[in-house]
Structure formats: structure tokens, C-alpha cells
Amino acid sequence: METIVLGSSEGELRHAAELIRAGEVVGIPTETVYGLAANAFDAAAVEKIFRAKGRPSDNPLIVHIADFSAVYEIASEIPPLAKKLSEAFWPGPLTMIMPKSPKIPLITSGGLDTVGIRMPSHPAAKRLIELCGVPLAAPSANLSGSPSPTTAQRVFEDMNGRIPAIIDGGESDVGVESTVIAFEDNGVRILRPGGITREMLLTVAKSVTVDPGVLNELSEGAVARSPGMKYKHYAPKAQVILIKGESGAYREYVLKNACAGDFCLVFEKGEAAPDLPYLCYGATPGEQAHRLFECLRRLDELGAKRVFARCPSPEGVGLAVYNRILRASGFCVIDLEVD
Ligand code: AMP
Ligand code: MG
């Protein structure tokens, strides 16, 4: 199959919508990362997403909508807090898990009786959903296990020959996937951190709990509240070692331990150990979120075998950055702050 790259003009979006209505899968831009979209109600179309990605069938997809009224078709029960959160944060990078309606096939929800729903803010995504007239199931547009793509070019590299079209809508703004929340007695639980932070959720919800799965490796046999968290994820081919500590301690550690061919992944120029190649992923949590996945992909292109990465601070959107890089490292953390 030939994969074409479309722009995001009205005519091109109409063409993409026709493909989706005919049961095809299209790569789409969103403000978080690029997604692989199909009609969420069409089990055969959704099956093609799983095949294109090589995604395990128990890993649920998020259903994307353009108008709140679609929630009534997708969810069988809508917590009152969901409405309030949608008013504050939709359109935007927040996915809310609710009991699913029978219209959502089990393949879309990864066999669960719940469904994750999100309203993206990217104008091309919004318009495409309107033109399709159905909600779109869309996971990130990478091959399963590799870093999520934040440009159409990166989607093309993973999906060329696997899907008929990709819409190019520029670089994804946020750069990490949406915040995924579940509802509980008094408030919400963050199953996956993202662009809508704990602090932001607390302006609307009375209580916000961060699920232990966000920062800890799941023990053998434990059930993941957020199935995506149990898989090796976001990982480049290179081995990533996460180094927790100030820039001076980081440099000292890397100088002592690095060999030729190792790479540094640092916040800013000047932090890397002399003579080692390096990439910078940004000085603020927002920049780090925006650049992390691109840096991980670039490191593979550069042939990095081992990467010493500075550990981000888990504040604000930094919690999402930390969560992703922790998984990219396979939970390999060297803490220079403990004595
Ligand atoms: P991706 O689309 O690749 O960002 O993955 C979506 C992730 O959202 C999944 O891997 C899950 O971790 C989470 N998710 C989606 N739907 C549900 C659900 N019904 N219950 C729990 N987590 C979900
Ligand atoms: Mg993904």
C-alpha cells in the first residue's frame, strides 16, 4: 500500500474523512502527539489500527470527539465531575475514562467495559472528526513500543506502507500523550500524566490522586489500571540511563563512567561531559515535553548505544516527562542524591 502525506486544507481533510468513513486508518495530527485514527464504532476498522501498530489487543484506544454531545453516544454513564472537567479542559490533552456504551466495540476498549474519551484542540483533528461524523479511535501513531511521533515525517517512517494516508498538521504542541484520568469517590486518579497537570485538575476536582503505576514499575502479575503502562514503552533502541542529580554531579558521573560512543541527553548545552556527543531536550518542563520523543528518535538515528540522560523534575508537566523517560529507560535510574 502506498502511503500519501496530505496537508490540512479543507479538501485534503475531506479526502481523509472519506478514507475513514470507508473503514480505513489515517495518521492525524493532534496537540499531544500524532495518532492513528479510525471509526471508533467500526470493529474491522479499529482492528486495522492494532495491526498497523503491532499493538497488543488488551491495550485500549482513546476515542476522540469534536463536540461534548458525542459523549452521550460513547459512554453509558457520565460522572457530573466529567462535565465540569470538560468545561475547564476540553478541547485539550485530557482523557476521561467512563463506563462504555454498547456502541463501542470491545476491540476499541481493549476488552474493558470502560472507554477513554478526549476532545483534541488541534484544528485539523477537530475538523476531521466533524467531517467524519463519527468518533475516532486513535492511539499514538508509532509502531508499538517505540517513541510516539510528534511530526508527520516520524509517522511516515513508522507507517509507510501500512496505512493509506497521513495528514501533516505541523509539530505537535505538547509533545507527550494526554493525561488519562479515572473517576473515584471524591475526585479523580491520574493513570497517565500529561499536559493537563495535577495542579490544573485540582482547580476543579476536590481530590487528585496519582496512581502508583505512574512512577513505579508494575510488580509481576499485578493488574494495570492503565493497560498501556505495563508495556515497555517509548523506548529507543539505545539503552537509556536516567541520572538523578545536579548538573555538576551528573557531569562527574558521566566523565567517570562513559565510553566512546555513549551519548548525553541534557537539558541545556554546557551540561554534557566534554568530548561526548549530546542532545538537549530543554530547560523547562514544557520544552522537555515538546522535545523528548523527537530526541529519543534522533538518538537512534545517530546510532547511540547508551545514553546518559539528565532526570527531569517531576513538577507540572514534568511529571509526564519523568513518567515517559522512566519507561524509556526501563526504570534504570542512578540516584546521585542519596548518600
Ligand atoms: P495511546 O493511545 O497509545 O496513548 O494509549 C492510550 C492509553 O490510554 C492506553 O495505553 C491506556 O493506558 C489508556 N487508556 C485508554 N482507555 C483506557 C481505559 N478504558 N481504561 C484505562 N486506561 C485506558
Ligand atoms: Mg502510545
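Side notes on the structure shown:
- Efficiency of FRET between residue 239 and residue 284 - r from beta-carbon atoms, R0 30 angstrom, step 0.05: 0.70
- For segment 1-63, the alpha carbon convex hull comes to 104 Å³ per residue, rounded to a whole number.
- Rolling a 1.4 Å probe across the protein heavy atoms gives the chain an accessible surface of 41 Å² per residue.
- Where N is the number of residues in the chain, Cα Rg divided by 2.2 N^0.38 Å: 0.98
- Diffusion coefficient, µm² s⁻¹, Stokes-Einstein with Kirkwood Rh over alpha-carbon pairs of segment 223-339 at 10 °C and 1.306 mPa s: 111 µm²/s
- Distance (nanometres) between label positions extended 7 Å along Cα→Cβ at residue 21 and residue 143: 3.4 nm
- Sites residue 58 and residue 171 - FRET efficiency at Förster radius 35 Å, r taken between beta-carbons, to 0.05: 0.65
- Principal-axis tilt of helix 123-132 within the chain, Cα atoms, nearest 10 degrees: 30 degrees
- Note: relative contact order over the chain, using C-alpha pairs below 8 Å and six or more positions apart, is 19 percent.
- Among 52-63, 276-287, sorting by the average number of other beta carbon atoms lying within 10 angstrom of each residue, highest first, gives 52-63, 276-287.
- Added length on full extension, which subtracts the Cα-Cα distance from 0.36 nm per residue, residue 103 to residue 51: 16.5 nm
- Residues whose amide H lies under 5 Å from that of residue 306, counting only those 5 or more places away or on a different chain, are 239, 263; hydrogens are built 1.01 Å from N in the peptide plane.
- For segment 224-285 versus segment 33-53, the spacing of their alpha-carbon centroids is 33 Å.
- Tilt relative to the chain, helix 80-89 - C-alpha long axis, 0 to 90 degrees, to 10: 60 degrees
- Proximal lysines to residue 83, defined as alpha-carbon separation beneath 24 angstrom and excluding residues fewer than eight positions away on the same chain: 100, 103, 126, 206
- Degrees, to the nearest 10: 10-21 long Cα axis against longest axis of the chain: 80 degrees
- Oblate is the label for segment 148-271, because the ratio a/c of its alpha-carbon gyration tensor axes (a ≥ b ≥ c) is 1.5 or higher and a/b is not greater than b/c.
- Across the options 277, 89, 78, the greatest Cα extent toward the positive end of the charge dipole of the chain (unit charges at beta carbon of Lys, Arg, Asp, Glu) belongs to 78.
- Cα-based Rg / Dmax (Å) for segment 138-211: 15.9, 47
- Calculated FRET value between residue 1 and residue 332, using beta carbons and R₀ = 35 Å, to 0.05: 0.40
- 16 Å Cα-Cα reach of residue 244 towards lysines, excluding residues that sit fewer than 8 places from it in its own chain: 256
- Antiparallel bridges, percent of DSSP beta bridges restricted to the chain (to nearest 5): 40 percent
The values are calculated or read from the model by the stated rules, or taken from the named source; none is laboratory data. Keep in mind it's a predicted model, so treat the numbers as computed, not measured. In this analysis, Cβ positions are derived from the backbone assuming ideal geometry, glycine residues included, and neighbour counts consider all displayed protein chains. Just the protein is used for accessible areas: all its heavy atoms, side chains included, with ligands, DNA and RNA removed. Shrake-Rupley method; radii C 1.70, N 1.55, O 1.52, S 1.80 Å.
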